[in-house]
Each structure stands twice: as structure tokens, then as C-alpha cells.
1. Is it fair to say Glu44 is at pLDDT below 90, within 30 Å of Cys12 (Cα to Cα) and assigned by TED's automatic domain parsing to the domain that holds Cys9?
2. Which count do you get for residues in the stretch 81-101 that are modelled with pLDDT under 85 and open to solvent by 100 Å² or more (accessible area, probe 1.4 Å)?
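The values are calculated or read from the model by the stated rules, or taken from the named source; none is laboratory data. All values derive from a computational prediction rather than experimental measurement. The accessibility values were calculated without ligands, DNA or RNA, using every heavy atom of the protein model including side chains. Shrake-Rupley method; radii C 1.70, N 1.55, O 1.52, S 1.80 Å.
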Amino acid sequence: MTASTQIICRDCNNAFIYTDAERDFRDSRGLTRPELCPECRGKERARRNGDLILLYQRADALDPFLISGETPGNGRNHRVRDTRQQYTTTCAACGSETSVPFVPRGERPVYCRSCYNARKGR
Ligand SMILES: [Zn+2]
Ligand SMILES: [Zn+2]
């Protein structure tokens, strides 16, 4: 038997099916009939729970310098914590050129990959 109900969405006025299974599910959680279609419910939920995530996604798309703190003209190279950014430096052990994913400040020696692995003793 299929005793599903049709409900008109409060937001977009689209009719959607309210199934028995969903009613049982909501009953078990003490929830009433939904007033929004699944799509609008998704948006509503995203608004409530994902404000921060959405804000970040949107800000990144529209307004890159809101997050990076840079003016747009400065380009990507100066973005904070861009993991793809590599800095060229000299290996402290063998003296060959190597690149590292952080800014070498000279506080601690930087090694190329093979010297680093050798020092770790594999
Ligand atoms: Zn809707
Ligand atoms: Zn080396």
C-alpha cells in the first residue's frame, strides 16, 4: 500500500511526496509534517548548520582577499598556507638545491629529500 501524502512546499510552492517511511522516521523523532520540500529543506539546513562553511565557499569564490587578507592585485603567490607553494633552498647536508613546502628561515637546517630520509635512518 502506498499511502503517501502530497504536501505543498511553504517556500517554493512545489508539491512533494511525503512518504509513509518518512512519516515514520519523523514520528520516531517527534517531528511534525515537513512544510518544505526536500530541496528547500536542504537549503534551510545548510543555512542553519553550514553558515560558516558556506561563507567560506562563497567568500572564496567572490572575494578571495576576504580570507587571504591580500589585495587582489597581489596574486596567488602570497596566499597564506598555499600547500602547493614551494620554496627553493639549499640542502644543509649535501649542498644541492631542493624545494620545501615552507619558508626556510635558517632557524633549523633544511635537507633535501634523500638527506632527510638518510638522517631519519629509514
Ligand atoms: Zn521548496
Ligand atoms: Zn641533501
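1. So Glu44 passes the test.
2. The number of residues fulfilling the criteria is 3.
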